[in-house]
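The block underneath contains the structure these notes are about, expressed in structure tokens.
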Amino acid sequence: MYVYLNGEFVRESEARVSVFDRGFLYGDGLFETMRAYGGRIFRLDQHLGRFFRGLEILRIRNPWSLDALRPVLYRLLELNELSDAYIRLTVSRGTCGAGLDVSGCDSPTIVVAAREFAPLPEDLYLKGVKVCLSGERMNCRNPLDSDLKSLNFLNNILARMEASGKGAFEAVMLNPEGYLTEGTVSNIFFVREGVLLTPSAGAGILKGITRQAVLETAARLGIEVREGMFGAGELYRAAEVFITNSLIEIMPVSEVEGRTYARGDVTEALMNAYRELVNEELSAG
């Protein structure tokens, strides 16, 4: 397999990043995860837009542009003969500075990797998955930073380990005030009395690209949506629950901490409409 590393396409076995890279030493960087369908990357401009906003927030020098990165991603798919693929774009501040001082950091490290996408069993989409509430708290995140997909994922890793220990597919974290935020790699939605509810940026979530597509899809279907600050008790009173990200799309939830849910009409309508949206946008673009 080929990867893209600092301006070159190289064999995966030959790719090297310095042990002094700040991504390794401090998690000083960010990433994007994208999905390609039939050789076309879904909502690529939105992913790269968030990537550029993240670079600005972290004040990492940005020598790239949309027009420069698009062909890199598609060339990588071509070199690896991939059609349906998982793509990860990772950037760190590079090898520079002393300790936490970032003086002179003007050569960021960029890595792009792509793998064949292996879809989850369809049975999971029919029956739903088990989700737990994690004892790990989401780190405080300013709502202005809700587009920042940083390399600092330790809380998420600990929460995912907790989920694994409980036999759960995903773990959802609360913020320090006890409000629902998001899963370790997903956003969460739930339905009560026909209204689609989801934590707002004010709760400290990452505003996922798939999350936004679901909100747009709900509007097209005439489904009422409310973003806000919700406690776990409101989740337990829901009739339907699902989680989202670029790879799993919309995944129904069958259980949260012993409370069971059916794959209801709203979830099913959104799942169907989301897949239509993907086909529509990729066909148009």
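The values are calculated or read from the model by the stated rules, or taken from the named source; none is laboratory data. On a predicted model such as this, the values are computed, not experimentally measured, just so you know. Cβ placement follows ideal geometry from the backbone for every residue including glycine, while neighbour counts extend to all protein chains displayed.
The residue that is nearest to residue 224 (Cα to Cα), counting only those in the stretch 263-285 that are in contact (Cβ under 8 Å) with a residue 40 or more places away in the chain and of a type in the set (A, V, I, L, M, F, W, C), is 266.
When we screen 281, 234, 224 for residues that are within 21 Å of residue 87 (Cα to Cα) and charged (D, E, K, R), the only hit is 281. With respect to the conditions (1) assigned by TED's automatic domain parsing to the domain that holds residue 212; (2) assigned to a strand (DSSP E or B); (3) touching a Phe, Trp or Tyr at 6+ places or on another chain (Cβ under 9 Å), residue 111 lacks only one, and its number is (1). Of everything listed in (1) at pLDDT 95 or above; (2) more than 15 Å from the chain's Cα centre (by Cα); (3) closer than 20 Å to residue 231 by Cβ; (4) of a type outside the set (Val, Ile, Thr), the single unmet condition for residue 143 is (1). Looking at 244, 217, just one residue is among the polar types (S, T, N, Q) and not in a strand (DSSP E or B), and that residue is 217.
One residue stands out among those in the stretch 247-285 that are under 20 Å from the mean Cα position of the chain (by Cα), outside any strand (DSSP E or B) and β-branched (Val, Ile, Thr): the one that is farthest from residue 119 (Cα to Cα), which is 267. Only one entry of 84, 101, 106 meets the criterion of being among the acidic types (Asp, Glu), more than 30 Å from residue 60 (Cβ to Cβ) and assigned by TED's automatic domain parsing to the domain that holds residue 50, and that entry is 84. Summed over the stretch 70-108, residues that are closer than 18 Å to residue 33 by Cα and part of a strand (DSSP E or B) total 8. From the list 219, 163, 168, 239, the lone residue that is over 17 Å from the mean Cα position of the chain (by Cα), closer than 22 Å to residue 277 by Cα and among the small types (Gly, Ala, Ser) is 219. Does residue 104 meet the test of being buried (at least 20 other Cβ atoms within 10 Å of the Cβ) and over 21 Å from residue 243 (Cβ atoms)? Against the criterion (buried (at least 20 other Cβ atoms within 10 Å of the Cβ) and over 21 Å from residue 243 (Cβ atoms)), residue 104 does not qualify. Scan the stretch 139-149 and tell me whether some residue there is in contact (Cβ under 8 Å) with a residue 40 or more places away in the chain and of a type in the set (Ser, Thr, Tyr). Yes, there is a match, as at least one residue in the stretch 139-149 is in contact (Cβ under 8 Å) with a residue 40 or more places away in the chain and of a type in the set (Ser, Thr, Tyr).
Here residue 56 clears all of (1) surrounded by 14 or more Cβ atoms within 10 Å (Cβ to Cβ); (2) part of a helix (DSSP H, G or I) except the condition numbered (1).
Figure legend. Inter-residue proximity from the stretch 161-182: first residues surrounded by fewer than 20 Cβ atoms within 10 Å (Cβ to Cβ), second residues modelled with pLDDT under 95 and among the charged types (D, E, K, R), beta-carbon distance below 6 Å, spacing 6+ or different chains. Indicated pairs: 176/137.
Within the stretch 163-214, being at pLDDT 95 or above, of a type in the set (Gly, Ala, Ser) and either outside the structural domain of residue 131 (by TED's automatic domain parsing) or not in a loop (DSSP other than H, G, I, E, B) (or both) holds for 163, 164, 165, 171, 183, 213.
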